[in-house]
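Derivation of every value follows stated rules applied to the coordinates shown; laboratory data play no part. These numbers come from a predicted model, not from an experiment. Ideal geometry is used to build each Cβ from the backbone, glycine not excepted, and the neighbour counts take in all protein chains shown.
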Amino acid sequence: MTTRMADCHPSKPHWARGMCGTCYQRWWNAENPGRTRTRIKARENPADCHPERQVLARGMCGTCYRRWWRLENPGAEWDRQAHASKKSYADKSSTEKRFRMMKRYGITVDDYGRMLDEQRGVCAICRTPPGDRYLHVDHCHATGRVRGLLCFRCNSSLGHAQDSVSRLKSMIAYLELAAASSAPGSRS
């Protein structure tokens, strides 16, 4: 199953009104000037430090107040609840996982499990198991089609290479040339 792609940016998933999330947010803000919650609250109760922001405490915006609080309370945690909520993806509820996978990639948790079984629980590129982490869903940015499951390193490498086969071939040639020039008996 493929995800519907946005009309404005065919490489991004559809969000609303045929637009990607970024373009829709820009359109909404242009259509509804001054109606965002933070802008309304900032007008009602502006911070002394940044008048365009809302007061969090002691007349300061959230950023300035947290900075002040950390200076006053060295070594203490700012927000235990927020700290506790920063769990790995594997710890999140199955409902949240299902929603995220369907929204981003158009696959279900069962599809993910099937792909994981087909790959024998290892990364599709380097063939190493993910350990205590999870494998990332790799997809084509142009078509949105899911290609497989990759470890963090392989997924980021493809992202940094912008899925360009010629760039990856050039990287391989560069590494081979560097390995040959550092071989014993060669001059550097």
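Structure notes:
- With a Förster radius of 45 Å applied to the C-beta separation of A142 and E52, the computed FRET efficiency comes to 0.70.
- Extension gain, E176-D7: 0.36 nm per intervening residue step, less the Cα-Cα distance, totals 56.6 nm.
- Efficiency of FRET between E72 and E44 - r from beta-carbon atoms, R0 45 angstrom, step 0.05: 0.95
- Both radii come from the Cα set of region 91-160: Rg as radius of gyration, Rh as Kirkwood radius; their ratio Rg/Rh reads 0.94.
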